[in-house]
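The values are calculated or read from the model by the stated rules, or taken from the named source; none is laboratory data. Just so it is clear, the model here is predicted, and its values are computed rather than measured. Reconstructed Cβ throughout: ideal geometry from the backbone, glycine too, with neighbour counts over all protein chains shown.
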Amino acid sequence: MFPRGLILAIALGVIAGPLFGIFLYEFGIEEQLVYVDGTSLSVVTEKTDFKLGEPITIKIVNSGTDELGFPDTSYGLVIKQLDSIPIYSPISSQVISKLESHEEVEFVWNQLKNDETQILEGAYKISVKAITIEEEIIEKIVTINILK
């Protein structure tokens, strides 16, 4: 038969493992989107690691209480390589766009460059620029990884 100490250790591990996992999940995850008073811009993706060819949903959120303006209908969205070379920006018209407090807009990127060629695996920056009510430009950058 098995020693009592081994049975006790296994039983303790079976009980403690899920409890510890729930604790870390509930209290250890930092919020990706936090609303604040004043001017704030957020860029949110559902995760940071994507498979090559997987569609990427990008949300641009006015996470502050002040209105944000954008120079066109792409809401200032540009996807760049890590060396800051732009590879993709949505087709847009030169119409001033606005996001009120807590409003959001969503784009889906199919991992193609503007010339319709597939990107390679690696790290990419999602950059969004907005104009505040004080006529200042703010920028939010999020880095994602494309894996095989």
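Exactly one residue out of PHE50, PHE70, PHE107 is of a type in the set (Phe, Trp, Tyr), over 12 Å from ILE126 (Cβ atoms) and in the same structural domain as ILE133 (by TED's automatic domain parsing), and it is PHE70.
Looking only at the range 30-41, decide whether some residue is in a strand (DSSP E or B) and either surrounded by 13 or more Cβ atoms within 10 Å (Cβ to Cβ) or at pLDDT below 95 (or both). Yes, the conditions are met somewhere in the range 30-41. MET1 passes every criterion in (1) closer than 30 Å to GLN118 by Cβ; (2) loosely packed, with under 11 Cβ neighbours inside 10 Å; (3) at pLDDT below 90 apart from (1).
Here is a yes/no grid of residues against (1) among the hydroxyl-bearing types (Ser, Thr, Tyr); (2) in a loop (DSSP other than H, G, I, E, B):
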position	(1), (2)
ASP72	no, yes
ILE91	no, yes
GLN94	no, yes
SER101	yes, yes
PHE107	no, no
GLU116	no, yes
LYS140	no, no
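Taking the range 31-62 as the region of interest, how many residues are hydroxyl-bearing (Ser, Thr, Tyr) and farther than 14 Å from GLU139 by Cβ? Within the range 31-62, residues that are hydroxyl-bearing (Ser, Thr, Tyr) and farther than 14 Å from GLU139 by Cβ number 4. A count restricted to the range 103-148 and to residues that are among the hydroxyl-bearing types (Ser, Thr, Tyr) and farther than 28 Å from SER40 by Cα stands at 1.
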